[in-house]
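As structure tokens, the structure follows; a few thoughts come after it.
The values are calculated or read from the model by the stated rules, or taken from the named source; none is laboratory data. Here the structure is a predicted model, which is why all the values come from computation and not from measurement. Cβ sites come from the backbone with ideal geometry, for glycine too, and all protein chains shown count toward neighbours.
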Amino acid sequence: MNKKVLLTATAIVATLVLSACSEAPNTAAKVETEAKKEPEKAPEAVTAQRAFYELYKPARTWATDLLALSVDSGEAPNIKNEDGKAGAWTAIFVCPSRKEARSFTYAVVDNGTDLRKGVNIGPVLPWGGATPASKPFSNSEFVVDSDAAYKAAFEKAADWLKAHPNQKATFRLGNASRFAAPVWYIMWGSTKNGYAALVNATTGAVVK
């Protein structure tokens, strides 16, 4: 082979190799840039159990013998509460050994004043112990999540809701001596002009 042709071919191969090497980092950088440009997922309402276990972790560091006393739905700015999900949930935990109670709130966004995104912890308060109307319950009894409870309650409230559309539901999970297990209290409208349904939080059955 002519020496001049060989040198030319060698130069072409070298140029191609160098070109490939120089393009690889650029491609990687382009992919990384595109990944960074992907918009963050907008905050959404969450179920009670999702919030509860976010709250349980810091609550467990406060009291190792803690039990839940109640779980309530709440509002968060620009977050729509629907289908058993809410923008904020507040759980009250009690420490039986020290007779103390403490509230823990989980919010998906800040409200600009007293509620920040994530876990918010309230002060320690004295607790007088269980009463017939308010008894603590264990995690093992909290089986039915708020979205499943909503579905069961919605079926029971269907006729009332047809006559009263666009009513917002609120949720409270609690326990009392007259119930076999903790119950979801789901209310549409107000106590004066509304509809309430009770759902067993262990079995998912509507309480009659």
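Tabulated data for the structure shown
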{"quantity": "Residue, surrounded by the fewest Cβ atoms within 10 Å (Cβ to Cβ), within the stretch 118-134, restricted to residues that are β-branched (Val, Ile, Thr) and not in a loop (DSSP other than H, G, I, E, B)", "calculated": "Thr131"}
{"quantity": "Any hit, the stretch 135-147, residues being in a loop (DSSP other than H, G, I, E, B), more than 22 Å from the chain's Cα centre (by Cα) and within 19 Å of Ala68 (Cα to Cα)", "calculated": "yes"}
{"quantity": "Positions within the stretch 173-193 being surrounded by 15 or more Cβ atoms within 10 Å (Cβ to Cβ) and either basic (Lys, Arg) or modelled with pLDDT of 95 or more (or both), in sequence order", "calculated": "Leu173, Gly174, Asn175, Phe179, Ala181, Pro182, Val183, Trp184, Tyr185, Ile186, Met187, Trp188"}
{"quantity": "Contacts under 6 angstrom Cβ, first residue in the stretch 120-131 being assigned by TED's automatic domain parsing to the domain that holds Thr105, partner surrounded by 14 or more Cβ atoms within 10 Å (Cβ to Cβ) and among the charged types (D, E, K, R), 6 or more apart", "calculated": "Gly122/Arg102; Val124/Glu100; Val124/Arg102; Trp127/Glu100"}
{"quantity": "Cross-chain or 6+ apart pairs with Cβ under 7 Å, the stretch 37-61 first and under 17 Å from Val109 (Cα atoms), then at pLDDT below 95 and in a strand (DSSP E or B)", "calculated": "none"}
{"quantity": "When residues of the stretch 152-171 are limited to those that are surrounded by fewer than 15 Cβ atoms within 10 Å (Cβ to Cβ) and basic (Lys, Arg), the one farthest from Leu198 (Cα to Cα)", "calculated": "Lys162"}
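Quick grid of which residues meet (1) within 23 Å of Ala205 (Cα to Cα); (2) not in a strand (DSSP E or B):
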residue	(1), (2)
Val94	no, no
Phe104	no, no
Arg116	no, yes
Glu155	yes, yes
Ala158	yes, yes
Phe171	yes, no
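Yes/no per residue for (1) over 24 Å from Ser134 (Cα atoms); (2) among the basic types (Lys, Arg); (3) modelled with pLDDT of 95 or more:
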{"residue": "Thr10", "(1), (2), (3)": "yes, no, no"}
{"residue": "Val17", "(1), (2), (3)": "yes, no, no"}
{"residue": "Val31", "(1), (2), (3)": "yes, no, no"}
{"residue": "Lys36", "(1), (2), (3)": "yes, yes, no"}
{"residue": "Asp65", "(1), (2), (3)": "no, no, yes"}
{"residue": "Gly74", "(1), (2), (3)": "no, no, yes"}
